[in-house]
Amino acid sequence: MGQKISNTSSKRTQNSSFLSFLKRFSPQKPSLDKIVLPRKGVLAKLITPPANKSSDFTRIISDCISFASTRTQEYLVFKDPEGKFQPSPQTLTQVFLMTYMTQSVNQDLTEAFNCTAMTPEQRILLGADWVWAILEKPTKNPKIQIAVQVLHLPDREEAEERAAARKPVSESIQMAQMESRNQNAYERMVDFCTSIGKDCYALFLFFGKRDDKENIYGVLSNNFEAAVGKYDRIDRALIENFLKGLKYFHTPLGMMQAIFTKKTDEALTLMIKFS
Amino acid sequence: MELYGKMAATQDVKGKGEGGDQNFDYMFKLLIIGNSSVGKTSFLFRYADDAFTSAFVSTVGIDFKVKTVYKNDKRIKLQIWDTAGQERYRTITTAYYRGAMGFILMYDITNEESFGAVQDWSTQIKTYSWDNAQVVLAGNKCDMEEERVVSVDSGRLLAEQLGFEFFETSAKDNINVKQTFERLVDLICDKMSESLDTDPAVTTGAPTTKLTDSAPPLQQPGCNC
């Protein structure tokens with residue numbers, strides 16, 4: 001594997017067979033600049049040194065994503081002193097999206113890199129919460145897409161499911177659920193991306209993971225379908241396995257650079273730390 | 001070949017959520033197809049929500065809305081699928097053609113390319129749908145007369161050649177939107193009646209007719225819609 005993600009030797013052995021189905025990881029060394037730098041607040045994320053024009057675009061996108069991640073993290077780590085209140089998973093997703101969208105509009109990004117929030121029905125049918133797209137000029141047709149599904153900590157998700165069970169479900173939501181009943185949300189998103197091709201990535205965005213509940217991580221790949229033949233199902237455990245034992249991760253900037261520099265039809269899988 | 005009457009009755013909607021109106025006589029699956037930016041989503045929004053926005057937001061993959069209409073005292077639920085027109089979504093959109101009873105094939109009267117693609121879209125219907133699917137050809141954006149490049153006659157002629165009904169429409173000015181859907185529903189109902197006439201077994205509730213527990217049994221046998 002061409003991946004240069006550092007790993008402990010024991011964990012590497014443990015995960016090597018699991019990851020072996022992945023055709024190729026990013027050829028680049030993970031960009032660690034943002035991880036080793038101390039955090040200096042939300043605004044610091046947007047103060048970047050002048051860059052040449054080609055890398056400006058990538059940097060602006062990644063800055064917007066980092067900004068949204070940092071803002072979301074503030075709410076992710078929030079703890080009510082009385083332990084009665086906590087933001088719902090949906091609220092956290094909305095905070096991320098609202099912050100990202102506001103930033104991207106402020107940065108005049110939307111003409112070239114847009115973000116489409118899915119309708120409630122599309123979230124069920126396609127498994128994605130939103131889709132980022134690099135747009136071709138002048139048609140504005142998507143050239144590269146990143147379909148994003150947010151995964152919350154299991155206890156948060158269970159609480160939301162309990163609350164949802166008490167609420168009435170609209171007719172169209174029931175129909176969407178019926179249409180999608182043979183696959184789980186992970187499989188639906190992988191199917192959606194696979195149906196488009198290698199220029200569509202699935203990004204599973206973890207708002208906290210089991211061993212680090214206060215940070216945001218992601219697993220991005222245009223090659224999840226490779227797992228379909230090897231495993232019975234694509235499920236949360238399978239996706240979480242990508243993050244196990246890793247010490248170093250790509251930054252949002254590294255992720256965008258890898259996507260932009262990838263050759264057509266090449267497989268790419270990255271693990272990213274967003275906050 | 002699966003009978004038309006069964007198609008309407010076998011729509012498999014389960015679940016009894018309080019928010020869902022499960023009380024209907026028939027459910028028709030309809031698709032809106034055509035090139036990107038011809039106005040498919042706007043057309044659906046106008047029909048389902050009576051709303052219009054000029055901002056162009058490209059549909060990702062597929063989406064749908066539900067609308068109930070009444071015809072001869074029958075409640076007909078329309079499940080209307082809005083498809084992305086771009087080539088990159090073709091695999092996912094054509095997967096939804098299966099089981100569709102009607103199509104609105106749309107082009108933009110100000111866009112020659114979208115009109116030229118109608119034949120290809122028609123072939124897609126034949127390839128991925130079934131013989132009895134009904135099609136209405138819609139030349140959208142007829143409010144933009146000054147930018148027209150496709151004449152009404154060209155649209156009508158092509159519709160005749162393909163065996164489709166034809167309307168010029170405007171989602172923006174709400175011209176012929178409701179009429180297009182109503183005509184498509186009429187065509188489907190007519191086709192259902194033909195099928196039922198040729199196979200009375202359907203009207204007597206043949207064992208293969210899979211009515212779900214959520215859809216009430218048909219009040220009267222046969223299609224009177």
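In the context of the full set of protein chains, residues of region B:26-196 present 41 Å² of accessible surface per residue (probe radius 1.4 Å, heavy atoms only). Legend: mean number of C-beta atoms from other chains within 10 angstrom of residue C-beta atoms, peptide A:165-175, equals 6. Shape index of region A:196-275: Rg/Rh, with Rg the Cα radius of gyration and Rh the Kirkwood radius from the inverse mean 1/r over Cα pairs, equals 0.96. Buried between B and A is an accessible area of approximately 2300 Å², summed over both sides with a 1.4 Å probe. 3J(HN,Hα) along region A:76-86, derived from phi through the Karplus expression 6.51 cos²θ - 1.76 cosθ + 1.60 where θ = phi - 60°, amounts to 5, 8, 4, 10, 5, x, 8, x, 9, 10, 8 Hz, with x in place of Gly and Pro.
Look at where the Cα atoms of region B:18-71 and of region A:90-134 average out, and the two centres are 22 Å apart.
In the distance distribution for region B:26-196, Cα-Cα pairs more than 24 Å apart total 29 percent.
Strictly greater than 20 Å: what percent of every Cα pair in region B:96-175 meets that? Distances greater than 20 Å cover 30 percent of the Cα pairs.
With K and R counted +1 and D and E -1, the other residues having a Cβ less than 15 Å from that of B:Ala159 yield a net charge of -2. The antiparallel fraction among DSSP beta bridges confined to region B:26-196 stands at about 30%. Computed from backbone phi, the HN-Hα couplings of region B:134-147 come to 8, 10, 10, 8, 10, x, 8, 6, 6, 6, 9, 4, 5, 9 Hz, rounded to whole numbers (Karplus: 6.51 cos²θ - 1.76 cosθ + 1.60, θ = phi - 60°; Gly and Pro given as x). Each part gets one Cα centre, and for region A:137-176 versus region A:203-256 those centres are 18 Å apart. Rg then Dmax, both in Å and based on the Cα atoms of region B:117-163: 12.5, 38. B:Glu182 sits among other residues whose Cβ lies under 12 Å from its own Cβ, and their net charge, with Lys and Arg +1 and Asp and Glu -1, is +2.
What's the local net charge at A:Asp199, with K and R +1, D and E -1, over the other residues with C-beta under 13 Å away? Computed value for this residue: +1.
The values are calculated or read from the model by the stated rules, or taken from the named source; none is laboratory data. This structure is a prediction, so every number in the text was calculated from the model and none was measured. Glycine gets a Cβ as well: all are built from the backbone with ideal geometry, and neighbour counts include every protein chain shown. Protein only, heavy atoms only, side chains kept; ligands, DNA and RNA dropped before computing areas. Shrake-Rupley method; radii C 1.70, N 1.55, O 1.52, S 1.80 Å.
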